[in-house]
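Asker: One structure, pasted below without further comment.
The values are calculated or read from the model by the stated rules, or taken from the named source; none is laboratory data. Predicted model only: the values in this text are computed from it and were never measured. Please note: Cβ atoms are built from the backbone with ideal geometry, for glycine as well, and neighbour counts cover all protein chains shown.
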Amino acid sequence: MSSESARILAANSQVIASLQEGDLLGYDQEGRLYVQKSGEESQKTQRVFEEAQAKTLKQEKGQAIVLATQKHFETLDSKEFLGTYRKVLQVINQDQVLSTVDKKNLVDALYQSHYKHLCNEGIDPVTAEATITIMMSFDPEVDPETKERISPSRATGGMSGAYYIRNREGEKIGVFKPRDEEPYMPNNPNRCKRRDTGAIRTEMRNGQASGTACYKEVIAYEVLGDFAPIPPTTFIEVYFPRSLREKDRELILKFGSFQRFVEGYTLDTMRNLDVESIPVLDLQKMAFSDIVGYNADRSMGNMMYDSEKNQLHCIDQGVTFLSSLDWNLPPDDILAEVSCHWGDFPQCRGPILPEVKDWILGLDENKIESIIRSRMQMVLTQENAPSTGDLEKYINGIVVSNKTLILFIKKAAEKGCTLSQIGEMVMEIESENETDPKVPMIQKICRETSAAREANNPNFLVDPWKFVSDTMDKYLEDIH
Ligand SMILES: Nc1ncnc2c1ncn2[C@@H]1O[C@H](COP(=O)(O)OP(=O)(O)OP(=O)(O)O)[C@@H](O)[C@H]1O
Ligand SMILES: [Mg+2]
């Protein structure tokens with residue numbers, strides 16, 4: 001580029017930067033841009049604008065606007081993108097100074113520069129790509145063909161709103177689950193509508209507060225993802241239709257979890273599924289992370305299997321890290337709600353694999369606690385958040401439940417218990433015999449601890465965690 005063109009480009013970029021709603025944009029034979037502020041008219045700009053409207057000139061010089069706009073956007077940080085984009089496109093549209101092709105190229109280039117900014121700001125490339133294609137999908141400036149290729153589509157079968165997100169080539173790259181569409185939240189697409197918008201509600205499970213599933217998804221990945229086959233999961237905040245139904249498409253700012261797309265089928269939809277072909281290591285890793293992560297929803301629909309690669313994936317960690325083993329609650333409120341459908345898989349019957357056992361014994365409950373606390377504190381920044389006090393209590397309940405489960409499975413693993421034995425000790429059991437219900441061992445231990453707390457048992461008062469530990473040893477003594 002000659003020094004003269006570089007100078008014009010820099011000056012043009014400043015013109016673009018100064019645009020306000022209602023301004024008019026024009027350019028001269030050299031490709032210099034001019035802006036006519038709304039309400040002002042000078043003889044010179046008048047002439048420029050008349051020339052600019054001439055079709056031939058438009059074709060030749062549209063490039064000046066494209067280049068200058070791109071250059072200006074390179075200097076913006078990501079927070080300024082949307083406002084500036086709207087303003088500039090508004091002026092460009094009103095003047096009709098760009099051909100359809102130039103406009104499409106410009107829009108693509110601006111989103112590409114926004115993508116680069118997001119990546120430079122530390123957002124991983126897949127999440128940045130998802131942010132871009134979601135924005136483009138609902139942008140009136142983007143052409144219908146592109147939208148058709150990249151727009152989100154609803155994943156069927158779930159309780160909450162879950163949407164496949166695509167990249168700019170149209171390939172699925174992830175699943176977005178907005179917080180406002182979780183069960184019992186205002187825009188839930190299914191039956192689970194929330195009746196009020198007050199503090200924490202726990203209709204779904206005792207230990208699960210509505211509006212926290214997206215945090216649980218991210219916590220589960222951050223705590224367990226190094227070990228279990230959980231696809232990378234992050235947060236995302238984007239303008240998204242209230243619903244994808246025709247009538248209700250108003251764009252609102254939505255926050256939620258974004259999980260990397262994985263190939264395969266959920267086990268509930270696999271005909272001729274041969275459970276035995278799932279690798280033992282994958283299965284044991286999933287199962288133990290379900291226990292550590294207090295998963296109340298590891299149904300067949302929440303395990304995916306890629307039979308081509310012989311690989312298992314854990315999806316849907318929304319109902320995890322429950323609080324209902326918290327022995328600071330009254331004994332009757334304590335419930336073992338771990339619920340997983342791998343209990344009778346053959347991979348659970350043999351001994352725990354050494355790699356899995358090492359992971360269990362090496363779990364650092366304090367590190368996990370700090371992840372839980374920092375992520376769950378973020379709930380306070382959201383709409384329909386509980387009060388600080390209620391949230392604090394809920395988080396403490398999650399931490400106590402998690403530490404209790406970790407202490408318990410460390411002991412059980414050291415004792416040589418198998419996965420299916422440990423599963424039975426921690427999982428809720430649907431008993432057919434109402435008069436003699438089977439109570440999971442972990443529930444008995446936590447209720448006994450809670451009763452000791454209520455009775456001011458001196459051993460509990462001196463050291464609650466030693467009390468819990470001794471109670472566990474007592475229950476585990478007879479297990480072989
Ligand atoms: N990471 C992923 N990769 C590929 N497909 C996925 C992924 N996550 C979810 N899906 C698909 O989307 C569907 C719904 O997702 P998910 O199970 O997370 O939602 P949900 O509404 O919480 O479900 P549930 O009814 O089990 O609570 C799944 O059944 C699966 O087909
Ligand atoms: Mg599911």
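Asker: Would you be able to tell me the number of residues in segment 243-264 that are farther than 30 Å from Pro186 by Cα and within 16 Å of ligand 2 (Cβ to nearest atom)?
Answerer: Applying the first criterion (farther than 30 Å from Pro186 by Cα) to segment 243-264 yields 263-264.
Subset that is within 16 Å of ligand 2 (Cβ to nearest atom): 264.
Within segment 243-264, residues that are farther than 30 Å from Pro186 by Cα and within 16 Å of ligand 2 (Cβ to nearest atom) number 1.
Asker: Tell me the residue from Glu141, Glu171, Glu129 that is of a type in the set (D, E, K, R) and over 30 Å from Val15 (Cα atoms), please. Even if it seems obvious, please write down each step before you answer.
Answerer: Details: Glu141 fails: over 30 Å from Val15 (Cα atoms); Glu129 fails: over 30 Å from Val15 (Cα atoms).
Result of the check over Glu141, Glu171, Glu129: Glu171.
Asker: I've got another one for you. Can you pull out the helices (runs of 4 or more DSSP H) entirely within segment 81-168 that have at least 3 residues that are within 16 Å of ligand 1 (Cβ to nearest atom) and in contact (Cβ under 8 Å) with a residue 60 or more places away in the chain? Full working, then the answer.
Answerer: Values: elements: 100-120, 125-137, 144-150.
Per the criteria, 125-137.
Asker: Now a separate question. Give me a count of the residues in segment 222-242 that are of a type outside the set (A, V, I, L, M, F, W, C) and farther than 17 Å from Arg179 by Cα.
Answerer: Initial filter on segment 222-242 (of a type outside the set (A, V, I, L, M, F, W, C)): 222, 225-226, 229, 231-234, 237, 239, 241-242.
Now restrict to residues that are farther than 17 Å from Arg179 by Cα: 222, 225-226, 229, 231-232.
Going through segment 222-242 one residue at a time, the tally reaches 6.
Matching residues to (1) at pLDDT 95 or above; (2) exposed (fewer than 15 other Cβ atoms within 10 Å of the Cβ); (3) among the aliphatic types (A, V, I, L, M):
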| site | (1), (2), (3) |
| --- | --- |
| Asp326 | yes, no, no |
| His341 | no, no, no |
| Asp364 | yes, yes, no |
| Ile368 | yes, no, yes |
| Ile372 | yes, no, yes |
| Met376 | yes, no, yes |
| Thr388 | no, yes, no |
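Asker: Which ones in segment 20-32 are buried (at least 17 other Cβ atoms within 10 Å of the Cβ) and closer than 16 Å to Gln94 by Cα?
Answerer: Selection gives Asp23, Leu24, Leu25, Gly26, Tyr27.
Asker: Okay, next question. Before we move on, is Gly264 closer than 25 Å to Lys403 by Cα and near ligand 1 (Cβ under 9 Å from one of its atoms)?
Answerer: Details: closer than 25 Å to Lys403 by Cα: no; near ligand 1 (Cβ under 9 Å from one of its atoms): yes.
Considered against the rule, which asks whether it is closer than 25 Å to Lys403 by Cα and near ligand 1 (Cβ under 9 Å from one of its atoms), Gly264 comes out as no.
Asker: Is it fair to say Gly318 is out of contact with any Pro (no Cβ under 7 Å at 6 or more places or on another chain), more than 16 Å from ligand 1 (Cβ to nearest atom) and of a type outside the set (A, V, I, L, M)? Reasoning before the result, please.
Answerer: Numbers: out of contact with any Pro (no Cβ under 7 Å at 6 or more places or on another chain): yes; more than 16 Å from ligand 1 (Cβ to nearest atom): no; of a type outside the set (A, V, I, L, M): yes.
No.
Asker: I would also like to ask the following. Return the pair list, or none, for Cβ contacts closer than 6 Å from residues in segment 362-386 that are assigned by TED's automatic domain parsing to the domain that holds Leu253 and closer than 20 Å to Ala413 by Cβ to residues that are among the basic types (Lys, Arg) and in a helix (DSSP H, G or I), at least 6 apart or on different chains.
Answerer: Sorted first by the residue in segment 362-386, then by its partner, the pairs are Glu365/Lys403.
Asker: If a residue has to be more than 12 Å from the chain's Cα centre (by Cα) and crowded, with 16+ Cβ neighbours inside 10 Å to count, how many in segment 223-242 make the cut? Lay out the reasoning, then the answer.
Answerer: Step one: list which residues in segment 223-242 are more than 12 Å from the chain's Cα centre (by Cα), which gives 223-230, 239-242.
Then drop every residue that is not crowded, with 16+ Cβ neighbours inside 10 Å, which leaves 223-225, 227-230, 240-242.
Final tally of qualifying residues: 10.
Asker: What is the residue count in segment 284-335 for residues that are assigned to a loop (DSSP other than H, G, I, E, B) and more than 14 Å from ligand 2 (Cβ to nearest atom)?
Answerer: The initial filter retains those residues of segment 284-335 that are assigned to a loop (DSSP other than H, G, I, E, B), namely 293-297, 299, 307-310, 315-330, 334-335.
Next, only the ones that are more than 14 Å from ligand 2 (Cβ to nearest atom) stay: 293-294, 307-310, 321-330, 334-335.
Counting residues in segment 284-335 that are assigned to a loop (DSSP other than H, G, I, E, B) and more than 14 Å from ligand 2 (Cβ to nearest atom) gives 18.
Asker: Which of the residues belonging to segment 265-283 are out of contact with any Phe, Trp or Tyr (no Cβ under 7 Å at 6 or more places or on another chain) and away from ligand 2 (no atom under 16 Å from the Cβ)? Don't jump to the end; show me each part of the working.
Answerer: Of all residues in segment 265-283, those out of contact with any Phe, Trp or Tyr (no Cβ under 7 Å at 6 or more places or on another chain) come to 266, 268-269, 271-274, 276-277, 279-282.
Those that are out of contact with any Phe, Trp or Tyr (no Cβ under 7 Å at 6 or more places or on another chain) and away from ligand 2 (no atom under 16 Å from the Cβ): Arg271, Asn272, Leu273, Asp274, Glu276, Ser277, Pro279, Val280, Leu281, Asp282.
Asker: Which of the residues belonging to segment 137-190 are surrounded by fewer than 19 Cβ atoms within 10 Å (Cβ to Cβ) and within 15 Å of ligand 2 (Cβ to nearest atom)?
Answerer: Answer for segment 137-190, where residues must be surrounded by fewer than 19 Cβ atoms within 10 Å (Cβ to Cβ) and within 15 Å of ligand 2 (Cβ to nearest atom): Arg154, Ala155, Thr156, Gly157, Tyr164, Pro189, Asn190.
Asker: Hey, can you tell me all the residues within segment 267-283 that are more than 16 Å from ligand 1 (Cβ to nearest atom) and in a helix (DSSP H, G or I)?
Answerer: Of the residues in segment 267-283, the ones more than 16 Å from ligand 1 (Cβ to nearest atom) are 272, 274-281, 283.
The answer is Val275, Glu276, Ser277, Val280, Leu281, Leu283.
Asker: Looking at the structure I just gave you, is Met270 in contact with a His (Cβ under 8 Å, 6 or more places away or on another chain), of a type outside the set (S, T, N, Q) and free of Cβ contacts under 8 Å to residues at least 40 places away in the same chain? Break it down into steps so the answer makes sense when it comes.
Answerer: On the way: in contact with a His (Cβ under 8 Å, 6 or more places away or on another chain): no; of a type outside the set (S, T, N, Q): yes; free of Cβ contacts under 8 Å to residues at least 40 places away in the same chain: yes.
Spelling it out, it is not the case that Met270 is in contact with a His (Cβ under 8 Å, 6 or more places away or on another chain), of a type outside the set (S, T, N, Q) and free of Cβ contacts under 8 Å to residues at least 40 places away in the same chain.
Asker: Just give me the residues in segment 442-468 being under 35 Å from the mean Cα position of the chain (by Cα) and either more than 22 Å from Cys340 (Cβ to Cβ) or crowded, with 20+ Cβ neighbours inside 10 Å (or both), in sequence order.
Answerer: Taking segment 442-468 first, the residues under 35 Å from the mean Cα position of the chain (by Cα) are 442-447, 450, 465, 468.
Within segment 442-468, Ile442, Gln443, Ile445, Cys446, Arg447, Ser450, Trp465, Val468 qualify.
Asker: Does Lys254 satisfy being closer than 30 Å to Asn402 by Cα, in a helix (DSSP H, G or I), in the same structural domain as Asp358 (by TED's automatic domain parsing) and more than 11 Å from ligand 1 (Cβ to nearest atom)?
Answerer: It is false that Lys254 is closer than 30 Å to Asn402 by Cα, in a helix (DSSP H, G or I), in the same structural domain as Asp358 (by TED's automatic domain parsing) and more than 11 Å from ligand 1 (Cβ to nearest atom).
Asker: Does Ser307 satisfy being modelled with pLDDT of 95 or more and of a type outside the set (A, V, I, L, M)? Please lay out each step first, then the result.
Answerer: On the way: modelled with pLDDT of 95 or more: no; of a type outside the set (A, V, I, L, M): yes.
When the stated conditions are applied, Ser307 does not pass them.
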